[in-house]
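Some notes on the structure that comes next.
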Amino acid sequence: MRGCPLRGLAGCATLGDQMKRFHTCGWEPRAAIDMNQVYAKLSPAERSRIQKLEIFDEVEEWHLINAHYCISTAFKDPSAIGLDGMPI
């Protein structure tokens with residue numbers, strides 16, 4: 001245990017659960033990606049810079065931790081102005 005409990009893990013264990021949570025609360029889910037996917041989208045130069053940080057002593061553990069965090073987006077468009085067509 002790293003001393004940083006993942007308090008939302010029971011309610012949203014997967015990206016699909018996160019999207020379902022948005023929908024249940026009246027939002028239209030758009031996307032959800034975990035932090036490993038975010039990292040993979042960075043430029044090679046930025047990944048190289050990050051890999052020089054001390055945290056990368058334990059790369060496997062870092063990837064496991066990143067799998068538990070995500071960036072997700074959702075919207076409400078009661079006026080039907082076309083938010084579903086906006087790029088993410």
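The values are calculated or read from the model by the stated rules, or taken from the named source; none is laboratory data. All figures in this text were calculated on a predicted structure; none of them were measured in a lab. Each accessible area value is taken on the protein alone, full model and side chains, heavy atoms only, with ligands, DNA and RNA left out. Shrake-Rupley method; radii C 1.70, N 1.55, O 1.52, S 1.80 Å.
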Q: Among the residues of region 21-71, count how many are assigned to a helix (DSSP H, G or I), open to solvent by less than 60 Å² (accessible area, probe 1.4 Å) and of a type in the set (V, I, T).
A: 4
Q) Based on what the data block shows, is Q18 part of a helix (DSSP H, G or I) and open to solvent by 40 Å² or more (accessible area, probe 1.4 Å)? A) no
